[in-house]
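See structure below.
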Amino acid sequence: MININCLDKIAAIGLDGLTADYNKAASFEEADAVLVRSAKMHDMEFGANLKAIARAGAGVNNIPLDKCAEEGIVVFNTPGANANGVKEMVIAGLLLASRDIVGGINWVQTVKDDENIAALAEKTKSKFGGTEIKGKKLGVIGLGAIGVIVANAAVSLGMEVYGYDPFISVKSAWSLSRGVKHISAVEDIYKNCDFITVHVPLMDSTKENINKEAFAMMKDGVVILNFARDLLVNEVEIGEALASGKVKRYVTDFPNTTTAGMPGTIVVPHLGASTEESEDNCAIMAVQEIRDYIENGNINNSVNYPSCDMGICEKAGRIAVNHKNVPAVISKITSIFGQTAINISDMMNKSKNNYAYSLFDLDKAITDDIVKEIRAIEGVIKVRVIK
């Protein structure tokens with residue numbers, strides 16, 4: 001029996017993908033795999049059985065990635081599973097920022113009991129006017145799963161779209177509308193765009209990149225949208241930019257004591273992926289990743305270990321090894337196989353920064369003694385017999 005623990009509520013349609021071989025009621029201490037959304041895991045101690053953590057969503061700031069890698073725990077996320085839900089919120093944000101819809105709705109509530117409300121509305125509506133987004137320039141910073149479909153949707157709405165991503169994947173490039181102008185320098189987006197939306201992961205290299213230096217290059221009255229991560233924007237400096245009129249609106253999905261009361265902001269309570277469809281898609285994808293790793297040893301969409309996929313094992317045996325990305329580990333493993341007359345039918349070795357992962361398909365089942373020998377190799381973190 002494989003023990004699965006859910007630290008948060010996970011959509012039932014995803015959990016339905018677990019077979020009878022999985023115990024979904026396991027405790028965290030006993031878990032072979034964990035499904036999580038927003039629960040904070042940095043201060044948790046991991047049990048010896050824990051092999052994988054799957055985040056039902058894209059961001060993994062709540063998971064200690066380095067600690068997990070050191071302990072041979074593969075961390076997955078679900079990129080693209082909630083992309084459409086976020087895209088729709090970004091489009092809504094564009095409309096809310098270009099016309100004072102929120103102000104108009106709030107005004108109606110102040111006169112809802114006045115019998116002359118219709119006449120008052122005709123006199124007052126000009127206060128809540130704005131501009132159309134058609135023909136305006138939108139800069140999309142980050143062309144991953146979400147950024148690409150935001151850019152494509154904006155093209156369909158008649159916007160002139162600029163896209164920036166120095167690390168764009170082949171898949172994203174193929175998916176990008178020909179109407180999107182691919183920009184090689186982010187400064188060109190700052191200088192030319194009426195609206196700027198950010199869709200990059202939070203890393204040391206992206207933290208607070210939207211700051212006073214960036215604002216200085218932007219057009220007066222620019223609108224900034226942030227449905228990615230709060231720390232991508234320097235909130236103190238965008239407050240100053242809003243006060244000066246350099247930035248017209250800041251639309252963000254991350255409320256806190258700074259943004260919630262800041263004049264010129266439209267703050268949404270982290271609703272980007274809060275749709276039934278997004279939650280279902282993330283749960284399904286997370287469960288599929290866990291099952292493929294537990295049952296086949298394959299890694300897809302990991303954030304701390306490399307992708308490594310050899311499909312379903314059709315040989316007599318398969319072994320998976322999490323190890324440090326250092327010389328001689330593979331040669332020592334294969335030497336053990338050679339000494340015990342085990343032939344390697346197929347193998348794959350992949351690395352990601354300081355860590356590596358290897359799969360070996362073998363022509364005969366592996367013994368406990370051989371597993372112990374491999375575990376004893378310097379640099380090996382975890383050994384798992386898949387078949």
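All of the numbers you see were taken from the coordinates with simple rules; none came from a lab. This structure is a prediction, so every number in the text was calculated from the model and none was measured. Glycine also receives a Cβ, built like all others from the backbone with ideal geometry; neighbour counts cover every protein chain displayed.
Counting only alpha carbon atoms, the long axis of helix 329-339 and the longest principal axis of the chain meet at about 30°.
Once you sort the root eigenvalues of the Cα gyration tensor of the chain as a ≥ b ≥ c, which label holds: rounded (a/c under 1.5), prolate (a/b larger than b/c) or oblate (the other case)? Since a/c reaches 1.5 and a/b is larger than b/c, the shape of the chain is classed as prolate. Here the peptides 292-299, 237-244 are ranked by packing, the mean other Cβ count within 10 Å, and the order with the highest first is 292-299, 237-244. By the beta-carbon count within 10 Å of each Cβ, the least crowded to most crowded order of H199, H42, H323, fewest first, is H42, H323, H199. Rounded if a/c is under 1.5, else prolate if a/b beats b/c, else oblate: with a ≥ b ≥ c from the C-alpha gyration tensor eigenvalues square-rooted, which is region 310-387? Oblate, because a/c is 1.5 or more while a/b does not exceed b/c. Rounded to the nearest 10 degrees, the angle from helix 235-244 to the longest Cα principal axis of the chain is 20 degrees. Between the Cα long axis of helix 83-98 and the first principal axis of the chain there is an angle of about 20°, rounded to the nearest 10. In region 310-387, if the dipole is taken from +1 on Lys/Arg beta carbons and -1 on Asp/Glu beta carbons about the Cα centre, which of Y355, I344, G311 is farthest to the positive end? Of Y355, I344, G311, it is Y355.
Can you tell me the relative contact order of region 209-268? Whole percent, Cα pairs under 8 Å, sequence separation 6 or more.
Reported relative contact order: 35 percent.
Partner aspartates and glutamates whose Cα lies under 12 Å from the Cα of K123, excluding those fewer than 8 positions away in the same chain, are not found. Taking every DSSP bridge with both residues inside the chain, close to 40 percent are antiparallel.
Quick check on region 83-267: of the DSSP beta bridges with both residues there, what percent are antiparallel, nearest 5%? Numbers along the way, then the final one.
On the way: 1 of 26 bridges.
Given both bridge residues lie in region 83-267, the antiparallel proportion sits at roughly 5 percent.
Kindly flag which residue pairs out of K134/K181; K87/K246; K181/K246; K191/K219 have an alpha-carbon separation exceeding 18 Å in this structure. With Cα atoms farther than 18 Å apart: K87/K246; K181/K246. Between D363 and L231, the FRET efficiency estimated from the beta carbon spacing at R0 = 51 angstrom works out to 0.50. Put a plus charge on the Cβ of each Lys and Arg, a minus charge on the Cβ of each Asp and Glu, and nothing anywhere else: the dipole of the chain about its Cα centre is then about 840 debye.
In the structure shown, do any of K51/K350; K127/K248; K40/K352; K324/K372; K324/K364 have a Cα-Cα gap over 20 Å, and if so which?
Numbers: K51/K350 18 Å; K127/K248 15 Å; K40/K352 24 Å; K324/K372 17 Å; K324/K364 26 Å.
Pairs exceeding the cut-off: K40/K352; K324/K364.
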